[in-house]
Each structure stands twice: as structure tokens, then as C-alpha cells.
Amino acid sequence: MAVDTAGGVEIRSALVRLRRTTGLPVAFGGLVESGRRQVRISELSGTATAALSALAVTSGNGLGGKAVALTRPCAVSDYSVSRQISHEYDLPVAAEGLRSVVAVPVVVRRRVRGVLYGALRTAQPLGDRTLSAAVEAARDVEQALVLRDEAGALLTAARPRAACGPGGSPGWEQVREAHAALRALAPRIADPALREELLRACGLLAAGSGPAAPPARLAPREVDVLACVAAGATNAAAAERLGLRPETVKAYLRSAMRKLGARTRGEAVAAARRAGGLP
């Protein structure tokens with residue numbers, strides 16, 4: 001079975017943050033394999049061996065499998081002797097020297113997409129602060145996966161419509177909306193490869209608008225603001241979509257208008273389209 005690889009970067013980042021905020025010596029995790037309720041451990045942080053690498057954790061088995069089956073965090077203070085879990089994975093856990101472990105499922109739209117673990121090499125209860133930090137790390141991954149899903153849906157929807165060409169058709173207006181949404185999503189994507197793919201897709205959508213005039217050297221955030229304006233957003237709506245203050249949006253818009261020689265928002269959008277910066 002193939003592993004749903006989307007999210008590996010986010011899981012890796014979450015594990016590093018979890019160790020930094022809690023002082024846990026070890027954190028690891030992975031994603032659910034496509035079509036199965038089985039997690040493949042792919043990301044390791046602080047481990048001393050490769051015992052856990054590529055381990056397949058089946059729903060219901062062990063601590064992580066219990067977290068998957070129940071869709072809630074689970075913890076044990078001494079893994080090897082705990083009566084709260086089954087013990088299919090005692091050997092790799094013992095090889096890494098882990099005793100106290102917490103497992104938190106990553107749940108997106110009621111579907112488990114992965115599991116994050118944090119662990120100590122001593123047998124002792126994990127405090128509420130540690131458990132809360134593990135849950136927060138899983139929530140960060142969940143939000144990142146939602147962004148990935150939204151970006152993937154936008155890319156799928158926008159690519160065929162870009163071939164329609166400009167002219168104010170409903171299909172082309174949807175391309176412009178997709179372009180604005182992709183530009184707003186891109187800065188929030190942690191995976192640099194996916195972020196670059198989104199920006200390339202934005203370039204392709206903009207290129208479909210027709211022959212380009214010489215570019216006006218707009219900054220990325222100026223293009224982001226103009227993309228929102230082109231999709232009909234007010235300054236307040238653009239600020240909310242881009243995660244900026246309304247005053248900051250106004251400043252970017254004024255700067256873009258100055259570079260484009262435009263006196264109004266509409267003129268700025270038209271000039272950016274002529275320059276190939278917007279679809």
C-alpha cells in the first residue's frame with residue numbers, strides 16, 4: 001500500500017517543536033497508509049536507533065494503534081508492562097529504550113491521517129503540560145493538512161479552466177478566484193516544494209491571460225493583494241484572507257498602484273493583467 005506522503009514536512013516540524021517545548025528526548029510519527037487504518041512511522045526526532053523507522057502500526061494495536069482506533073490521545077507511563085495496550089511493538093520500543101509514551105492522532109474531517117508520539121526513556125507519568133503540547137502539535141499538523149487539501153483542490157479545479165482563456169466567462173472568473181486563493185494559501189504552506197508548486201501554478205494561470213507587457217516589478221505581497229482585489233475582495237476581506245492588517249493591505253495596494261501608474265484599484269488590476277501578473 002502507498003503512504004499518503006503529503007504532510008511529512010509538517011509532521012517533522014511538529015516533532016521538533018514538541019521536543020523543544022516539552023524537553024522530551026524523543027518524538028516520532030507518521031501518516032496513515034492510503035486505504036488502510038495503518039500508520040507508517042516515517043519521521044524520527046531524537047532517536048538513537050532505527051528500530052522505529054518504517055514501523056507499520058495497525059489500528060487497535062499498541063499505543064499508537066489504540067489512539068488511531070479511539071481517535072483520541074493515549075498515554076502510558078511504562079510501555080512494556082502497561083495493561084492498557086497490546087504489545088505487538090514491544091521489541092522496537094525496547095530497542096529504542098522508551099518507557100513513558102504519549103500518542104496523539106492527527107484527525108482531519110473525522111478521518112485519522114497520522115499519529116504523533118512523544119516519549120521518555122524513564123518510567124514516569126507525563127504531565128498535563130506535556131500532554132497538552134503533544135495535542136497542540138497534532139492540531140498544527142491537522143491545520144497544515146487542511147491547507148494542503150484546499151491547495152490540491154484549487155489546483156485541480158484551476159488547471160482545466162485556465163485553458164478557457166480570458167474574456168469574462170464564468171470559467172475564467174473561477175480561474176481568477178482560484179489564483180487569488182492559491183496566492184493567499186502559498187505563504188502558509190510549510191513544505192517549500194508544495195509552496196513552489198502553488199506559485200508556479202499561479203504563474204501559469206496568470207500567463208493564460210494573454211500577451212504580457214513589460215513587468216512592473218511587483219513584490220509578491222503586492223501581487224497577493226491585487227489578486228484578492230481582482231477577485232472582488234475589499235481591503236478588510238483581503239487582510240483576513242492574507243493574514244495581514246487592513247492598514248498593511250492598503251500600503252501594499254498603494255505601492256502597487258504607484259508602480260503600475262494606476263489611479264484606482266480597477267486600473268491597478270487591469271495594468272497587472274496586462275503585465276502578466278494576474279489572470
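The values are calculated or read from the model by the stated rules, or taken from the named source; none is laboratory data. Since we're looking at a predicted model, the values are computed, not measured. Ideal geometry is used to build each Cβ from the backbone, glycine not excepted, and the neighbour counts take in all protein chains shown.
Here are the numbers for this structure:
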item	result
Residue list for region 88-144, restricted to those being under 16 Å from Leu18 (Cα atoms), assigned to a strand (DSSP E or B) and either among the polar types (S, T, N, Q) or in contact with a Ser or Thr (Cβ under 8 Å, 6 or more places away or on another chain) (or both)	Ser100, Val102, Pro105, Gly118, Ala119, Leu120
Cross-chain or 6+ apart pairs with Cβ under 7 Å, region 227-255 first and under 22 Å from Ala201 (Cβ atoms), then of a type in the set (A, V, I, L, M) and outside any helix (DSSP H, G or I)	Ala227/Leu278; Ala230/Leu278; Arg241/Ala233
Residue match in region 209-224 (condition: in a helix (DSSP H, G or I), hydrophobic (A, V, I, L, M, F, W, C) and either over 21 Å from Ala151 (Cβ atoms) or at pLDDT 85 or above (or both))	yes
Top-ranked residue in region 81-101 [being among the acidic types (Asp, Glu) and in contact (Cβ under 8 Å) with a residue 12 or more places away in the chain; ranked as surrounded by the most Cβ atoms within 10 Å (Cβ to Cβ)]	Glu96
Only one of Gly127, Gly152 that is of a type outside the set (Asp, Glu), surrounded by fewer than 21 Cβ atoms within 10 Å (Cβ to Cβ) and modelled with pLDDT of 90 or more	Gly127
Members of region 241-279 that are in contact with a Pro (Cβ under 9 Å, 6 or more places away or on another chain), surrounded by fewer than 20 Cβ atoms within 10 Å (Cβ to Cβ) and assigned to a helix (DSSP H, G or I)	Arg274
Pick from region 17-37, criterion aliphatic (A, V, I, L, M) and not in a loop (DSSP other than H, G, I, E, B), ranking: nearest to Arg111 (Cα to Cα)	Val32
Some residue of region 172-181 being out of contact with any Asp or Glu (no Cβ under 7 Å at 6 or more places or on another chain), modelled with pLDDT under 75 and not in a helix (DSSP H, G or I)	no
